[in-house]
1. In the stretch 1-158, what is the volume of the convex hull around the alpha carbon atoms, normalised per residue and reported in Å³?
2. Find the Rg to Rh ratio for the stretch 80-194, where Rh is the Kirkwood radius over alpha-carbon pairs and Rg uses the same atoms.
3. Report the extension gain between Ala36 and Ala130 in nm, rounded to one decimal, defined as 0.36 nm multiplied by the number of residues separating them, less their alpha carbon distance.
4. Can you give the Rg and Dmax of the stretch 189-285 based on its C-alpha atoms, in angstrom?
5. Relative to the longest principal Cα axis of the chain, at what angle does helix 75-85 sit, 0 to 90 degrees, rounded to 10?
6. When the Debye formula is applied to the Cα atoms of the stretch 138-259, each taken as the same point scatterer, what base-10 log of I(q)/I(0) results at q = 0.14, 0.21, 0.23 Å⁻¹?
7. In percent, how large is the relative contact order of the chain, given Cα pairs closer than 8 Å and 6 or more residues apart?
8. I'd like the antiparallel share, as a percent to the nearest 5, of DSSP beta bridges with both residues in the chain.
Amino acid sequence: MTLGVGVIGTGVMGAEHVRLLREETAGAALVAVCDADAARATAVAGDAAAFTDPLALIADDGVQAVVIASPDATHAGLTLACIAAGKPVLCEKPLAPSADEALRVVEAEVAAGRRLVTVGYMRRFDPAYAAMKQALDGGAIGAAVLLHNIHRNAAAPDWFTGAMAVTNSFVHEIDISRWLLSAEMTTVQVHAAPGGDPLLITMETDAGQIVSTEVFMNAAYGYHVHAQLVGRDGTVEMAPPTTTLTNRALHHGHQWPENWVPRFRDAYRIQMNAWVRSCTVGPPVGASAWDGYLATAIAEQVVAALATGARTALSLATPPDLYR
Ligand code: ISE
């Protein structure tokens, strides 16, 4: 069976999902593209159907599954429309701008009685993160006690606003830290450099582990994401994201990627193929709507903790049975 997939949004991520579906995804066909700009939708759609109304794309009989890559604020509403239509949806992170909106998605999926939502926390599919989790779960470093994260962008995108370093960027570390450690976050504390960039965010887990994350949106030299798990018997960390090392003019080193798309190209491809398979033969894969709620709810409380600088206990809802 070939899955007919519609993509909503043709920005950086929408265009990459369109490319993946056209060139690197088995078992799926791009059948529809939506963008508010009709000319842009038509140009990106090519021989697929072009829409300017996302709800019309979701309702279209040729669309069997949906990828949401529109602006963050639209994610929850469009995901709710996919659930109402009974169509599987891969929603780019974050699931919602607020915990309340994310909970409404969770409630709708619970009412539907089955998982339809995958949230695009693609780092779970990144080979480096997967190898780190395999090493930890396989006992290679003993019990984890610390996780150190670095999340540096060369420069904040021009559409970035104040708290987005947390609600748009740090949400990745919230999700991947929970996934790597198989643990839940219980407290958070934030230190901000003058001007609010970089941030140093510390979280504690329900297993007594400590997670530190540097989020630096204007690091200048390149896009650099790093993680190191520290265990009682050793450590495992991400290798530099390169296949070659260069020596020239008294310099030794490798090239940093410009942004997350080239750095996580494998993760996006593996995620898309796994999601398409889950839509046709199951089981559900990747981050669920509940994971999406937790990332947004914790990010919301990190923003609040930023204002006080205090070590803050997290207050989170209880997971419905659908997600246990
Ligand atoms: C962006 O929206 C992403 O999702 C990237 O993965 C992240 O590294 C970047 O900081 C965000 O702005």
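1. Details: hull volume 26.6 nm³, N = 158.
Hull volume over Cα atoms, normalised by residue count, gives 168 Å³.
2. Values: Rg = 16.6 Å, Rh = 16.6 Å.
That ratio is 1.00, to two decimals.
3. On the way: separation 94, 0.36 × 94 = 33.84 nm, distance 3.64 nm.
Length difference between fully extended and current span is 30.2 nm.
4. 18.1, 54
5. Orientation of helix 75-85: about 40 degrees from the principal axis.
6. -0.68, -1.19, -1.30
7. Numbers: 656 pairs, mean separation 66.7, N = 324.
It rounds to 21 percent for the chain.
8. On the way: 30 of 56 bridges.
Just about 55 percent of them are antiparallel.
Values quoted throughout were computed directly from the atomic coordinates according to the rules given, and no laboratory measurement underlies them. Keep in mind the model is a prediction, meaning the values are calculated, not measured. Neighbour counts run over all protein chains shown; Cβ positions are idealised from the backbone, glycine included.
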